[in-house]
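Everything below concerns the one structure shown next.
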Amino acid sequence: MFDLHDRTAARWTIALLSACLALTAVPGRAQSPPTSARGSLILDQNNDAFTLQLRQWQQEHAINRATGSDPTVQREIQMQHLQQRQRQDELHSRQLQDFDASAARAAPSDSVGGPQPMAPNLPQFKKERDEQALRQDYELDELERTTKASARSKEEVPHWGPTLTEPQQ
């Protein structure tokens, strides 16, 4: 008889806990943005980060070959690459925050279900990332041009010997 009472109490406890969890999950689910769209945004951002890292590595390799691994040039390259990655990280985190905040804002609705979460502006996010990628490409190309030009100009400066004659090429 006592054993039956323990089983019943355990069942009621489990049922009560399940009902509480179900009730607490419903409001959170209604406010959370679609996970597939958020996952797609994260994948796009990861793709952009990988593309930037690859482009930076290729540029660093090309400039190091052209300048002979000049430490001053390497520091300049590393600083610019770090700034680009930081700007990209800031953009990505801001986009994720905007995405999550769009779910919290309710769009006006006359439907029976009440207000629905606002859809995030994914095309605007893509446009921002594309603009940043173009700016990064421009900066990388400009750095590559200037460092290779300065490396060439250093090679073209004649080295005057003790006889004060121009060295033969």
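Assorted remarks:
- Test: residue in the range 35-55 that is at pLDDT below 85, within 30 Å of Pro120 (Cα to Cα) and either over 28 Å from the mean Cα position of the chain (by Cα) or not in a helix (DSSP H, G or I) (or both): no
- Whichever residue in the range 119-145 is among the basic types (Lys, Arg) and under 30 Å from Thr67 (Cα atoms) and, among such residues, is surrounded by the most Cβ atoms within 10 Å (Cβ to Cβ): Arg135
- Here Lys148 passes the criteria (1) at pLDDT 85 or above; (2) surrounded by 14 or more Cβ atoms within 10 Å (Cβ to Cβ); (3) among the basic types (Lys, Arg) except the one numbered (1).
- Pairs with Cβ under 8 Å, 6+ apart, first in the range 113-133 and more than 11 Å from Leu41 (Cβ to Cβ) and of a type in the set (A, V, I, L, M, F, W, C), second modelled with pLDDT of 65 or more and outside any loop (DSSP other than H, G, I, E, B): Met118/Ser102; Met118/Ala103; Ala119/Ser102; Ala133/Asp48; Ala133/Thr51; Ala133/Leu52
- Pairs meeting the criteria (first residue in the range 134-147 and closer than 16 Å to Asp48 by Cβ, second residue among the hydrophobic types (A, V, I, L, M, F, W, C) and assigned to a helix (DSSP H, G or I), beta carbons under 8 Å, at least 6 apart or on different chains) are Gln136/Leu52.
The values are calculated or read from the model by the stated rules, or taken from the named source; none is laboratory data. No experiment lies behind these values; they were computed from the predicted model shown. For neighbour counting, all protein chains shown are included, and Cβ atoms are generated from backbone atoms with ideal geometry for every residue, glycine included.
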